[in-house]
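Structure provided below as structure tokens; questions to follow.
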Amino acid sequence: MTGAERPDAASSSDETEVSPPLRLPPWRWIWRLFLLFWLSYGVAMLSLSLLVALRTLIVMVVAALFVSFALEPAVAWLAQRGWRRGFATFACLAGLALVAIALLMLMVPVLIEQLIDLVEATPDIIDSVVGWLNSWFGLELDTATLVADLQTVNTDLSAFATNIAGSLFGIGAAVVTTLFQLLTIALFTFFLVAEGPRFRRAVCSVLPPHQQRVVLDTWEVAIDKTGGYLYSRFVLAVLSGVGTYVVMRVLGVEFALPLAVWMGLVSQFVPTVGTYIAMALPLLVALVGDSWSAVWLLGYFTVYQQIENYILSPKVTAATMELHPALAFGSVIAGASISGVVGAFLALPAAAIIQALISSYVRTHDVIRDDLTAEAREQPARAPRAGPVSRAFSRIIRGRS
């Protein structure tokens, strides 16, 4: 009986091993894939709508984060000397606000007054420009025709100004919204700086030790690069402003101080093209007074730009933040496309932080020596390689000889 049970046991074990696994019908997998697709699509659309709805808040928080990076060295310096972090943060923010208000009080009256003077001097400027064009290029322009065209433009501008005056409520609402956004950024900045150590401990508490080190190193790089950016721009702005003030005082151009402040700030905080944008207003003011003063001032701006590009800027940015001009210009365009003026202002420190992180965490290798990678001063002086036409011509000459 035992021998008779062994084949049954063997057959039962074989049936157990050979039996195929239980599988779901194919249509159930199709329904699962269909539901997963639409669930993912719904989550993505909901996330996108939330980002669009919270776009303004996200921009303000990011701006406050960068401002906190810039203020952290000053607040830490004051805290090391016995100041409470909250009071030190408030003092730094109040100082920035006072500087901004002072600059606005300096610039707005100058702009209004110079625009009025420019409108009054427009006929004389047109007469001198028309005479110069006629004498140098043999043209036959008529001043009266140009003045009549300008009067037509003036009428259109008056109508446009009347339409703007009719919507003062919208302008006032825009001003109030801007002030509210600035106050919101200041509030976020205050908490990020005053509660900086506590905030960083809260972030690191949810991460393992090796990731905590990465976060703290990244935070330190961001503080160094943002502070370095503002420091380098401030030093160059002071040099540009002082030079512009001295030259304008020597030339006798009016409103030298506010125009020098304008030149220093715009030329340094708008990369690549900032100098050419900033010099327009001082040249316009100088042109209203004396055309030769405008010519001399233009020559100074041209010479100073070269000195700054090749002497001052490399020395200042060598210890703070150095970006290639193409990278800086592209970063500003990208930042302006994303979030307007705020994005353009924050683009340079963001690009510097990303560049520093890449250089810190990405492994680099030595580049092989080749003509395509060598600098001009590193390329060896050698005779140019003969091409196929030159070699064929040489063989013909040698055959004849």
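The values are calculated or read from the model by the stated rules, or taken from the named source; none is laboratory data. Because the structure is predicted, anything quoted here is derived from the model rather than measured. For neighbour counting, all protein chains shown are included, and Cβ atoms are generated from backbone atoms with ideal geometry for every residue, glycine included.
Could you tell me which numbered condition N154 fails, if it satisfies all but one of (1) in a helix (DSSP H, G or I); (2) of a type outside the set (D, E, K, R); (3) modelled with pLDDT of 70 or more?
The one condition N154 does not meet is (3).
Within the stretch 251-304, how many residues are without any contact (Cβ under 8 Å) to a residue 24 or more places away in the chain, out of contact with any Ser or Thr (no Cβ under 9 Å at 6 or more places or on another chain) and not aliphatic (A, V, I, L, M)?
Looking only at that region, the number is 3.
Take the stretch 353-371 and flag every residue that is under 30 Å from T178 (Cα atoms) and either at pLDDT below 75 or under 8 Å from the mean Cα position of the chain (by Cα) (or both).
Within the stretch 353-371, the first condition is being under 30 Å from T178 (Cα atoms), and the residues that meet it are 353-354.
Within the stretch 353-371, no residue meets the criteria.
What are the pairs, 6+ residues apart or on separate chains, where a residue within the stretch 205-232 that is closer than 18 Å to A64 by Cβ and outside the structural domain of A64 (by TED's automatic domain parsing) has its Cβ under 6 Å from a residue that is among the charged types (D, E, K, R) and crowded, with 16+ Cβ neighbours inside 10 Å?
Within 6 Å, the pairs are I223/E72.
Could you tell me how many of the residues in the stretch 252-271 are surrounded by 18 or more Cβ atoms within 10 Å (Cβ to Cβ) and in a helix (DSSP H, G or I)?
The number of residues fulfilling the criteria is 13.
Also, I was wondering about something else. Please specify each residue of the stretch 77-91 satisfying the condition of being exposed (fewer than 14 other Cβ atoms within 10 Å of the Cβ) and not in a helix (DSSP H, G or I).
Matches in the stretch 77-91: R81, G82, R84.
Continuing with this model, one more query. Can you tell me how many residues in the stretch 98-108 are loosely packed, with under 14 Cβ neighbours inside 10 Å and in contact (Cβ under 8 Å) with a residue 24 or more places away in the chain?
Applying the first criterion (loosely packed, with under 14 Cβ neighbours inside 10 Å) to the stretch 98-108 yields 98-102, 104-105, 108.
With in contact (Cβ under 8 Å) with a residue 24 or more places away in the chain added as a condition, the list becomes none.
Final tally of qualifying residues: 0.
Please specify each residue of the stretch 109-119 satisfying the condition of being exposed (fewer than 12 other Cβ atoms within 10 Å of the Cβ) and either more than 16 Å from L284 (Cα to Cα) or modelled with pLDDT of 70 or more (or both).
Once the filter is applied, which keeps residues that are exposed (fewer than 12 other Cβ atoms within 10 Å of the Cβ) and either more than 16 Å from L284 (Cα to Cα) or modelled with pLDDT of 70 or more (or both), the stretch 109-119 yields I112, I116.
Considering only the stretch 56-81, how many residues are charged (D, E, K, R) and free of Cβ contacts under 8 Å to residues at least 24 places away in the same chain? So that I can check it myself, show each step before the final result.
The initial filter retains those residues of the stretch 56-81 that are charged (D, E, K, R), namely 72, 81.
So of that shortlist, the ones also free of Cβ contacts under 8 Å to residues at least 24 places away in the same chain come out as 81.
Count: 1.
Another question, then. It is to be established whether one or more residues within the stretch 330-340 are at pLDDT 85 or above and of a type in the set (A, V, I, L, M).
From the stretch 330-340, those at pLDDT 85 or above are none; that's our starting set.
Scanning the stretch 330-340 turns up no residue that is at pLDDT 85 or above and of a type in the set (A, V, I, L, M).
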